[in-house]
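Please read the structure below before turning to the comments.
All of the numbers you see were taken from the coordinates with simple rules; none came from a lab. In this text the structure is predicted, and so the values were computed from the model without any measurement. Cβ placement follows ideal geometry from the backbone for every residue including glycine, while neighbour counts extend to all protein chains displayed.
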Amino acid sequence: MTLPNEGFEKVVAKSFGGPEVLQVERVPVLPEPGAGEVRVRVQAAGVGYTDTILRRGKYIDYKGGLPLTPGYDFAGNVDKLGAGVSDLRLGQLVADMPMNGSYTQYIVRRAEDLIPVPDGIDPVAAVEVPLMWMTAWQMLTRSVNLAAGSTILVVGASGSVGRALVILGRHLGLKVVGTCSARNLASVEAMGARAVDYRRADLVAAIRQAASGAPIAAAYDAIGGKSWSASWKALGKGGMLVGYGLQGFLEEGGSALVALSSFARLLGVWKLTGKLDGSGRQTVFYNILQRRHSHPQEYRNDVEKLFHLMTQGVLPAQEAETLPLSMAADAHRRIAAGGLTHRLVLQP
């Protein structure tokens, strides 16, 4: 329902910093869609670790400056159509991944970027698809060619993308070894993975033991640094290390030199090593924004595939806690504290 002359609310950060920089602000006039654009009334905005990086001014893909409204993904209802838009209808539920701007009651997006959500899927479930499920799906099906029965390693298997990797990996007929903290071992095992405490001194040996002698065909690791090194060592012959983040560097306040060193090993030293030592091990770095930009139709096709799997019950409903926009800062604090086993979603 449009609220003419009453404006709308959104979360704004006027400086980079801690969660306290996130404030709710009332905007007096609703945004108007231009030609080829659509105004969406947001019903669910996902809150994720990447949003906290954006808030701190450390997200390399963000070039927008300040003030900033975080929010990587959203689901909402079409509220107004711009000139020339005919393939969407008023009230239709759609989803998108703008990378920022989703912590708001209203957002304007290009019509071609919005993906219709099938009937029967509510906004809180739909918002899990454009980023969380998609990251896992594309890393499993686009970054590596995996045969059914292969064994994969998921580092951080209790996190949002980690859980998606485990669930989709099992759906694809893969065997999964997942690392996590001791308190999350049971929940990772319950998803069908063999769980390993990532703090173990003999981590690589423990991973191999959990794999029951099967070679690790692919390792998915968003931590970087020493974690990438362990994942690389755990790979079997011909295995692929897929990096998709550098959380360790971000949390430890490392220098740019440390980050560059990690990427040099991932995309340089180890690539060469895999060729020279005869192991055939390989590396790749996955970035969902860059891949969507270079393969837009592939992104749309994959999202539609995942929505289909959701309607078929293949993707189980993930536990989510809904919060109002006013609790965005609190949500960021809880993500920073760690230990969450469910997703936080803002409902404007």
*Going toward the positive end of the dipole of the chain, with +1 on Lys and Arg Cβ and -1 on Asp and Glu Cβ, which of 169, 312, 77 do you reach last?*
169
*Return a whole-number percent for the relative contact order of region 132-289, with Cα pairs under 8 Å and 6 or more residues apart as the contact set.*
19
*What percent does the relative contact order of region 74-142 come to when contacts are Cα pairs within less than 8 Å and at least six residues apart?*
32
*Other-chain or far-sequence residues with amide H under 5 Å of residue 241's (modelled H)*: 219, 282, 283, 284
_Which order do the peptides 126-136, 141-151 come out in when sorted by mean C-beta neighbours inside 10 angstrom, highest first?_
126-136, 141-151
*Amide H contacts under 5 Å for residue 44, placed H, 5+ residues apart*: 75
*Hey, what do the phi angles of region 50-61 turn into as Karplus ³J(HN,Hα) couplings, whole Hz, using 6.51/-1.76/1.60 and θ = phi - 60°, x for Gly and Pro?*
4, 4, 6, 5, 4, 4, 7, x, 10, 8, 5, 7
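Sum up the charges of everything whose Cβ sits under 11 Å from the Cβ of residue 124, counting Lys and Arg as +1 and Asp and Glu as -1, but leave residue 124 out.
Counting the neighbours of residue 124, the net charge comes to -3.
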*Between their Cα atoms, which of 175/226; 14/63; 175/305; 175/275; 14/80 are more than 19 Å away from each other?*
175/226; 175/305; 175/275; 14/80
*Per DSSP H run of at least 4 residues, take -39500 (n - 2.57); add these up for the chain, divide by its residues and hand me the 222 nm value, nearest 500 deg cm²/dmol.*
-8500 deg cm²/dmol
_Long-range HN-HN contacts of residue 37 with modeled amide H, under 5 Å_ = 82, 83, 111
*Got a sec to turn the phi values of region 330-338 into Karplus ³J(HN,Hα) couplings, 6.51 cos²θ - 1.76 cosθ + 1.60 with θ = phi - 60°, whole Hz, x for Gly and Pro?*
5, 4, 5, 5, 5, 5, 5, 6, x
*Which of 66, 54, 174 moves most in a GNM of the chain, Cα contacts under 10 Å?*
66
*How high is the relative contact order of the chain, in percent, counting Cα pairs under 8 Å that sit 6 or more residues apart?*
17
*Between region 75-91 and region 217-231, how many Å separate their Cα centres?*
42
*Taking the Cα centre of region 301-348 as origin, sum charge times position over the Cβ atoms of Lys and Arg (+1) and Asp and Glu (-1), and report the length of that vector in debye to the nearest 20.*
120
*Anisotropy class of region 237-328 from Cα gyration tensor, a/c 1.5 cut*: oblate
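Can you say what percent of the DSSP beta bridges in the chain, counting only those with both residues inside, are antiparallel? Round to 5.
Numbers: 29 of 55 bridges.
Antiparallel: roughly 55 percent of the beta bridges in the chain.
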*When the Debye formula is applied to the Cα atoms of the chain, each taken as the same point scatterer, what base-10 log of I(q)/I(0) results at q = 0.10, 0.13, 0.15 Å⁻¹?*
-0.61, -1.01, -1.30
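Could you give the size of the charge dipole of region 132-289 about its Cα centre, using +1 on the Cβ of each K and R and -1 on the Cβ of each D and E, expressed in debye and rounded to the nearest 20?
320
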_Between residue 258 and residue 214, what's the calculated FRET efficiency when r is the beta-carbon distance and R0 is 35 Å? Round to 0.05._
0.60
*Residue by residue through region 124-131, which ³J(HN,Hα) values in whole Hz follow from phi under the Karplus form 6.51 cos²θ - 1.76 cosθ + 1.60 (θ = phi - 60°), with glycine and proline marked x?*
5, 6, 5, 5, 6, 7, x, 10
